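The values are calculated or read from the model by the stated rules, or taken from the named source; none is laboratory data. Every value quoted in this text rests on a predicted model; they were computed, and no experiment measured them. Virtual Cβ from ideal backbone geometry, glycine too; neighbours counted across all protein chains shown. Each accessible area value is taken on the protein alone, full model and side chains, heavy atoms only, with ligands, DNA and RNA left out. Shrake-Rupley method; radii C 1.70, N 1.55, O 1.52, S 1.80 Å.
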Amino acid sequence: MKIMKKDKMNFLILIAIIIILLSSIIFYVISTIQYNNYKKDINIAFENIIQTIKKDYPNIKDEDLIAIFNNPNLKSNTDILSKYGVDQNYSVLTKLDNTMHKNLIINTIIIILFGIIFLTIFIIYLLYRDRKIKEINNYISAINRKDYTLKIKDNEEGELSNLKNELYKITVMLKEEANNSTNEKIMISDAVSNISHQLKTPLTSMSIMIDNIQNDSTMSEATRKDFLKEISKQIEWINFLVISLLKLARFDAGVINLRKDKINVKDLLNKVKDNLDITAELQEVEISIDKDNDVFFIGDFNWQVEALTNIVKNSLEHSTTNQKVNIDYEDNNFYTKITIKDNGKGMNKSDLKNIFKRFYKGQNASETSIGIGLSLAKTIIEKGDGYITCESKENKGTTFTIKYMKNEK
């Protein structure tokens, strides 16, 4: 607030200086014009007087006239004029005296008028400023009450208007933050509920199977093995869920430092393929890497394997029997690009817009999906100086494009 007061004071001083300078210039111009007119009238008057004296007293010398008018010891010019028969109430002198008196009144009125104008402008400005400050205080109070519905954008010029516009920007930002916070709370609440539900099902199932194994002495060995296999499967799924959540939490906390290694894209993709060969075989979907040349970029090999595995796994889940997931890559001076394309179910526009959001599950998501894999992949890729985009059409497939930027240092 101190800065604002100083700025306002400087503004008022500037306005005052401008008005004073303008008044002084106008007063000087008017006074100069009046003075020149007065001097002209005086010269004409004295010229007429001299001509009259010379006409009545032709023997008088010019030197005597000059001495008369320039004599400082004389009481007044009117005494000299009386000596030569000129009336003291000579009309021209009376006119000049009246003119000077009138000019004095006019000049005084002009100064008073400018003073009134300045005072009026100053009062109007103070009222305007107080109104603006009161509005801003009301806006701040409303924001403190978490009321972000205000429309306070101001198209006028000036510091107070700029302050209102800054408050408008802050209001919009706070409103967005509030909405995001609300949406995140809803999303997290839904996610927790969803995760709880998903954990409850396998935990209940495992509990029942374990009870059966413990209490059913007549259970066959084959059934016992099937139960243990299913329990192992459920434990593996829960383990994946917990580990994924922990990884996201570690990235959010900023405690993960990615390595800067030289990565061969061919080796990277072969590792991803190895991780998913069993899954692909069970789903009868082929993973095809379309190139075999050596291309490199700088990043953390293990974490990028994690990211790409999640993306390819998503493509497998949305593919049907005998389809193919194609992986291609290329390199230029600016980035290394990896493309993962499937011919599966695809996504609608709503799902495509939200696909990388945490805990988001699309319409075609599998029952075991919890909406973490793609979000984690995006986080890892972006932390590794890359970015990911997705294009998809329903019933025509989905294409993920990953670009790892080359930083020249």
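Based on this model, can you work out whether Gly371 counts as open to solvent by less than 60 Å² (accessible area, probe 1.4 Å) and touching a His at 6+ places or on another chain (Cβ under 6 Å)? No. Residues in segment 374-409 that are outside any strand (DSSP E or B), open to solvent by less than 10 Å² (accessible area, probe 1.4 Å) and at pLDDT 90 or above: 3 in all.
So, Thr78, is that one out of contact with any strand residue (DSSP E or B) (no Cβ under 8 Å at 6 or more places or on another chain), at pLDDT 75 or above, assigned to a helix (DSSP H, G or I) and not hydrophobic (A, V, I, L, M, F, W, C) or not?
It is false that Thr78 is out of contact with any strand residue (DSSP E or B) (no Cβ under 8 Å at 6 or more places or on another chain), at pLDDT 75 or above, assigned to a helix (DSSP H, G or I) and not hydrophobic (A, V, I, L, M, F, W, C).
Look at segment 315-342 and say how many of its residues are over 36 Å from the mean Cα position of the chain (by Cα) and at pLDDT 90 or above.
Number satisfying all stated conditions: 12.
Residues that are acidic (Asp, Glu) and modelled with pLDDT of 75 or more were ranked within segment 180-222; the one that is surrounded by the fewest Cβ atoms within 10 Å (Cβ to Cβ) is Glu221. Scanning segment 295-321 for residues that are closer than 18 Å to Lys337 by Cα and either among the basic types (Lys, Arg) or touching a Lys or Arg at 6+ places or on another chain (Cβ under 6 Å) (or both) gives Phe296, Ile298, Asp300, Val305.
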